[in-house]
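The values are calculated or read from the model by the stated rules, or taken from the named source; none is laboratory data. Computed from a predicted model, the values in this text were never measured in an experiment. Neighbour counts run over all protein chains shown; Cβ positions are idealised from the backbone, glycine included. In case anyone asks, the SASA skips ligands and DNA or RNA and just uses the protein heavy atoms, side chains included. Shrake-Rupley method; radii C 1.70, N 1.55, O 1.52, S 1.80 Å.
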Amino acid sequence: MDGRTRFSPEARERTVRLVQEHQTEYGSLEAAIESIAAKIGCTAETQRRWVRQAQCDGGPPRPDDRRPAA
């Protein structure tokens with residue numbers, strides 16, 4: 001093994017959903033990402049990339065996104 005932990009697509013989706021659902025409980029999106037990443041055993045940067053990719057793929061908008069809905 002190369003020392004990296006692999007996460008299934010389902011696990012990634014679940015953690016992205018956790019960040020989105022619990023963001024209001026933290027001071028910011030970054031705080032939610034850091035907390036949840038530590039709990040699942042990945043780095044905050046990895047979790048941040050998953051969240052950003054989900055947003056690009058058409059996932060739910062961030063709560064602080066002020067752009068009008070399409």
Between a residue in the stretch 12-35 that is within 12 Å of Val51 (Cα to Cα) and any residue that is at pLDDT below 95 and open to solvent by 100 Å² or more (accessible area, probe 1.4 Å), which pairs come within a Cβ distance under 8 Å, given they are 6 or more apart or on different chains? Ala32/Glu25
Output for the stretch 31-70, where each listed residue is of a type in the set (Asp, Glu), loosely packed, with under 15 Cβ neighbours inside 10 Å and modelled with pLDDT of 90 or more: Glu45
